[in-house]
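Worksheet for the structure shown next.
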Amino acid sequence: LAAADQLNKMGHSVTVYERADRIGGLLMYGIPAMKLDKAVVDRRVNLMAEEGVKFVGNTEVGKDIPADKIKKEFDAVILAGGATKPRNLEVPGRNAKGVYFAMEFLTKNTKSLLDSNFADNNYISAKDKHVIVIGGGDTGADCVATAMRHRPKSMTQLEILPKPPLERDPVTNPWPEWPKILRTEYAQQEAMAVFGSDPRDFAQMTKAVTSNGDGNVKEIQTVEIKWEKDAQGRLNPVDIPGTEKVRKADLVLLAMGFVGPGDMVV
């Protein structure tokens, strides 16, 4: 959208192809509505359309329209598909029912909200469930906040990195570097208000997922880790014996980042 807006202002004729049914990419379906009102996104898209930008939705380039056709019809092509391929959890039991990638959870919730205010029931519900979010970044926080609005039975957010300090270390993290300190986002604040404690557990690695007789997730196994340097100076996670834990789980959301763009058929 930013590229289209700038090119349009410079006098170029711009067409934006979007594979989703609504324009906006992550602004529309990746960021929850309580964090970014979709009316704001629609307003900006409508303004751009009035300024001459052409939007084509429900169209995946390479699938619904050949890439060669795009190259022939346009003078230049900008690839702004993002890093949509999520990092997977490579552990035994990963394929249990109830384990989802974060973007599937967030997208289905926002789409159901916009389509029918959840009346279509076409979303992943966290209501009355023991929810575990694996990943401590912005996406993980958005999963926590979205799940909290469903009124879950419990909420846990696992972070593989150690707990940051409350204040910056002037030696290892001096000004003007970005301060690497503990920050409590809106999502954790909401969980704390409901359950009385911070949902985050730091320096935790998931070792396995356990399912019940029906194939639904019922537990995950974790262990606390410490980060140690190898001979090449690279940090590697090392299990701390005696810190193994079994955690109840009815819904597991994987928010461990992205490894690159999704596979395209051109």
Q | Any pair with Cβ under 6 angstrom, 6 or more apart, that starts in segment 242-266 at a residue that is closer than 17 Å to Val91 by Cα and among the β-branched types (Val, Ile, Thr) and ends at one that is modelled with pLDDT of 90 or more and assigned to a strand (DSSP E or B) | A | Val246/Glu219; Val246/Gln221; Val252/Val99; Val252/Ile132; Val252/Val217
Q.
Exactly one condition in (1) without any contact (Cβ under 8 Å) to a residue 24 or more places away in the chain; (2) in contact with a Pro (Cβ under 7 Å, 6 or more places away or on another chain); (3) hydroxyl-bearing (Ser, Thr, Tyr) is false for Thr110; which is it?
A. (1)
Q) What are the residues in segment 25-51 that are of a type in the set (Gly, Ala, Ser) and either more than 14 Å from Thr84 (Cβ to Cβ) or open to solvent by 40 Å² or more (accessible area, probe 1.4 Å) (or both), if any? A) Ala33, Ala39, Ala49
Q: For segment 79-93, enumerate the residues that are open to solvent by less than 60 Å² (accessible area, probe 1.4 Å) and in contact with a strand residue (DSSP E or B) (Cβ under 6 Å, 6 or more places away or on another chain).
A: Ala83, Pro86, Leu89, Val91, Gly93
Q. What number of residues within segment 126-137 are surrounded by fewer than 18 Cβ atoms within 10 Å (Cβ to Cβ) and either over 10 Å from the mean Cα position of the chain (by Cα) or modelled with pLDDT of 95 or more (or both)?
A. 2
Q | Lone qualifier among Lys97, Lys63, Lys54, Lys72 - being over 30 Å from Gly137 (Cβ atoms) and either in contact (Cβ under 8 Å) with a residue 40 or more places away in the chain or surrounded by 11 or more Cβ atoms within 10 Å (Cβ to Cβ) (or both) | A | Lys54
Q: Assess whether Ala208 counts as being part of a strand (DSSP E or B) and among the small types (Gly, Ala, Ser).
A: yes
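Would you point out the residue of segment 169-199, among those that are open to solvent by 90 Å² or more (accessible area, probe 1.4 Å) and of a type in the set (A, V, I, L, M), that is farthest from Met155 (Cα to Cα)?
Going through segment 169-199, the residues open to solvent by 90 Å² or more (accessible area, probe 1.4 Å) turn out to be 170-172, 175-176, 178, 180, 189, 194.
Cutting the leftovers down to of a type in the set (A, V, I, L, M) gives us 171, 194.
On the way: Val171: 35, Val194: 10 Å.
Selected residue: Val171.
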Q | Answer from Lys111, Lys85 - the residue that is at pLDDT below 95 and within 17 Å of the chain's Cα centre (by Cα) | A | Lys85
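Would you be able to say whether some residue in segment 56-69 is touching a helix residue (DSSP H, G or I) at 6+ places or on another chain (Cβ under 7 Å) and either closer than 30 Å to Glu219 by Cβ or assigned to a loop (DSSP other than H, G, I, E, B) (or both)? Step through it out loud before you land on a result.
Step one: of segment 56-69, the residues touching a helix residue (DSSP H, G or I) at 6+ places or on another chain (Cβ under 7 Å) are 61.
Narrowing further to those that are either closer than 30 Å to Glu219 by Cβ or assigned to a loop (DSSP other than H, G, I, E, B) (or both): none.
There is no residue in segment 56-69 that is touching a helix residue (DSSP H, G or I) at 6+ places or on another chain (Cβ under 7 Å) and either closer than 30 Å to Glu219 by Cβ or assigned to a loop (DSSP other than H, G, I, E, B) (or both).
The values are calculated or read from the model by the stated rules, or taken from the named source; none is laboratory data. Quick caveat: nothing in here was measured; it's all calculated off a predicted structure. All Cβ positions, even for glycine, are placed from backbone atoms using ideal geometry, and neighbour counts span all protein chains on display. Only protein heavy atoms, including side chains, enter the accessible area calculation; ligands, DNA and RNA are left aside. Shrake-Rupley method; radii C 1.70, N 1.55, O 1.52, S 1.80 Å.
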